[in-house]
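Take a look at the structure below.
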Amino acid sequence: ADVALLHRPFDDTAGFDTEELHTEGQVAILPAGHPLGTRAELRLAEITGLPDLPLPRWPRPDGTFPDGPGPQVRDHTQLTQLIALGRACAIVPQTGRAGLAEGLTAVPVVDAPPVTTVIAWPPHSRSTAVAGLVRAATAL
């Protein structure tokens, strides 16, 4: 890839040139009607300790899944369906509130680390198209 959108602290940006685009807090996505869904804010310990709504397990780069009680997920659609069914919850960047599907609710997680979206590219790139895209992204 010529460029990538990455999210720190989750993605490793070592070896790339980067420009920061946006920093935001995180929210918990819960099934509508869950008792915690009516709260004004939550803490990480309240979300990670929910036995009835475990956090999802995403695949590692080698395709295997970490151990744990949460369901294995491979994409956002599958995740939102599992949350709506009351089988999982998730902690996502605050922009995850936009276009939230029916049957889901979002609550700010006040002690979750902020997430910074960066645009990244290989340091050896001399592409004028990449440079133009980076300039346009940072201007937004």
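The values are calculated or read from the model by the stated rules, or taken from the named source; none is laboratory data. All of these numbers come straight from a predicted model, not from anything done at the bench. Counting neighbours? That spans all protein chains shown, and the Cβs are built from the backbone with ideal geometry, glycine included. Note: accessible area is taken over every heavy atom of the protein model, side chains too, but ligands, DNA and RNA are not part of it. Shrake-Rupley method; radii C 1.70, N 1.55, O 1.52, S 1.80 Å.
In region 1-30, what residues are in contact with a helix residue (DSSP H, G or I) (Cβ under 7 Å, 6 or more places away or on another chain), within 23 Å of residue 59 (Cα to Cα) and of a type outside the set (A, V, I, L, M)? Quick ask: steps written out before the conclusion?
The initial filter retains those residues of region 1-30 that are in contact with a helix residue (DSSP H, G or I) (Cβ under 7 Å, 6 or more places away or on another chain), namely 2-3, 19, 21, 24-30.
Still in the running and within 23 Å of residue 59 (Cα to Cα): 3, 26-30.
Result: 26, single match.
Would you check which residues across region 54-106 are on the phi < 0 side of the Ramachandran plot and in contact with a helix residue (DSSP H, G or I) (Cβ under 7 Å, 6 or more places away or on another chain) and list them? Don't jump to the end; show me each part of the working.
Here is the first cut: in region 54-106, the ones on the phi < 0 side of the Ramachandran plot are 54-62, 64-67, 69-85, 87-98, 100-102, 104-106.
Hits for region 54-106 are 55, 56, 71, 73, 88, 89, 90, 91, 101, 104, 105, 106.
Would you call residue 115 open to solvent by 30 Å² or more (accessible area, probe 1.4 Å) and modelled with pLDDT of 95 or more? Show your work before the answer.
On the way: open to solvent by 30 Å² or more (accessible area, probe 1.4 Å): no; modelled with pLDDT of 95 or more: yes.
Spelling it out, it is not the case that residue 115 is open to solvent by 30 Å² or more (accessible area, probe 1.4 Å) and modelled with pLDDT of 95 or more.
Would you check which residues across region 1-56 are in contact (Cβ under 8 Å) with a residue 60 or more places away in the chain, within 30 Å of residue 132 (Cα to Cα) and over 17 Å from the mean Cα position of the chain (by Cα) and list them?
2, 3, 15, 16, 17, 18, 19
Of all residues in region 69-89, which are open to solvent by 40 Å² or more (accessible area, probe 1.4 Å), over 15 Å from residue 103 (Cα atoms) and in a loop (DSSP other than H, G, I, E, B)?
Once the filter is applied, which keeps residues that are open to solvent by 40 Å² or more (accessible area, probe 1.4 Å), over 15 Å from residue 103 (Cα atoms) and in a loop (DSSP other than H, G, I, E, B), region 69-89 yields 69, 74, 75.
Considering each residue of region 31-53, count those that are assigned to a helix (DSSP H, G or I), within 17 Å of residue 104 (Cβ to Cβ) and touching a helix residue (DSSP H, G or I) at 6+ places or on another chain (Cβ under 9 Å), and give that number.
Matching residues across region 31-53 total 2.
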